[in-house]
Amino acid sequence: MTEASKSTTIGWIGTGVMGGSMAGHLLAAGHPMTVFTRSREKAAELERRGATWADSPAAVAAASDVTFAIVGFPADVRDVFLGDNGALAGARPGSLLVDMTTSEPSLALEIAAAAALRGVGAVDAPVSGGDVGARNATLSIMIGGADEDVRRVWPLFEILGKTLVHLGGPGAGQHTKMVNQILIATGMIGVSEALLYAQQAGLDLDKALEAVSGGAAGSWSLSNYGPRMLAGDFDPGFFVDHFVKDMGIALDEARAMQLSVPGLALAHQLYVALQAQGGGRNGTQALLLALARLSDTEWSRRG
């Protein structure tokens, strides 16, 4: 990074499972940072490292050249950016807003249009890679926005991720994240069913996972979530509740395009069942438990 780029002041809103690590990378790179999150204690480590606390998204944006947010649901995104005390209310002309939440493509378009009226840039840049990618700065970042806005924020994205792709104008990043979530949704069914089969067949699960991970059946979910599942680790790298939200957005968008997506619909229903069983705050790998309960396997009794 150049010294000039280090002078860019950063605003960060949302320090959850992924946001805290992501903000930390930008802080470590030397950027002055102003931070806000609903529970201030979740920003304590960033404050200890030099970030400045602000009492609202508007106050964050007023102090920042580029304001990032990664929050939970579209309603949160709307409030954080477009609310009375939202980032746009405090943003200076010439500054930039970047939403890294997985949200609705239509909302990304709305934010971009509202920002343009105030001379503010807006980029939608949802990410994939979960808590591991956030900690290791290896996220895949799917980017939508005007060319100049994306060019300005690109050096900051390079600090946060490994795979950066600019897909088009506002909303294109969110549409691409729906592609990502559709792939993961059906893939997690396969990972879960395969491990349950291996268990019922009496295989050594660690050896079975080793045997298949390097071949045609290998996948990011199998390599990263498979070992967690075998260890009984269902803590969130990405919350089930948030994944159900994402699949709901994808189903709505598909319906609007008159596109049939039965695999996604099945995955959505299985994850809704997991929510109903009390697993909404688990990680997405906990789908294994919902499927295990269908056959009353040993895993279901352990889970």
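The values are calculated or read from the model by the stated rules, or taken from the named source; none is laboratory data. Everything quoted here is computed from the prediction, not taken from an experiment. Note that each Cβ is placed from the backbone with ideal geometry, even for glycine, and that neighbours are counted across all protein chains shown.
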In the list Ala61, Ala91, Ala69, Ala87, which residue meets the criterion of being touching an Asp or Glu at 6+ places or on another chain (Cβ under 6 Å), at pLDDT 95 or above, closer than 23 Å to Gly171 by Cα and surrounded by 19 or more Cβ atoms within 10 Å (Cβ to Cβ)? Ala69
Condition set under 10 Å from the mean Cα position of the chain (by Cα) and in a helix (DSSP H, G or I), scope region 101-132, selection nearest to Asn180 (Cα to Cα): answer is Gly130
Checking Asp124 against (1) among the acidic types (Asp, Glu); (2) surrounded by fewer than 20 Cβ atoms within 10 Å (Cβ to Cβ); (3) in contact (Cβ under 8 Å) with a residue 40 or more places away in the chain, which single condition isn't satisfied? (2)
Matching option when the condition is of a type in the set (S, T, N, Q), out of contact with any His (no Cβ under 8 Å at 6 or more places or on another chain), surrounded by 13 or more Cβ atoms within 10 Å (Cβ to Cβ) and modelled with pLDDT of 95 or more, among Gln285, Gln258: Gln285
Go through (1) without any contact (Cβ under 8 Å) to a residue 24 or more places away in the chain; (2) out of contact with any helix residue (DSSP H, G or I) (no Cβ under 7 Å at 6 or more places or on another chain) and name the single condition Gly50 misses. (2)
Which of the following residues is touching a residue at least 12 places away in the same chain (Cβ under 8 Å) and either of a type in the set (D, E, K, R) or in contact with a helix residue (DSSP H, G or I) (Cβ under 7 Å, 6 or more places away or on another chain) (or both): Arg38, Arg78? Arg78
Elements of type helices (runs of 4 or more DSSP H) contained in region 1-74, each with 1 or more residues being in contact with a strand residue (DSSP E or B) (Cβ under 8 Å, 6 or more places away or on another chain): 19-28, 44-48, 57-62
Taking the condition of being surrounded by fewer than 14 Cβ atoms within 10 Å (Cβ to Cβ), in contact (Cβ under 8 Å) with a residue 12 or more places away in the chain and of a type in the set (Val, Ile, Thr), how many residues in region 1-35 meet it? 0
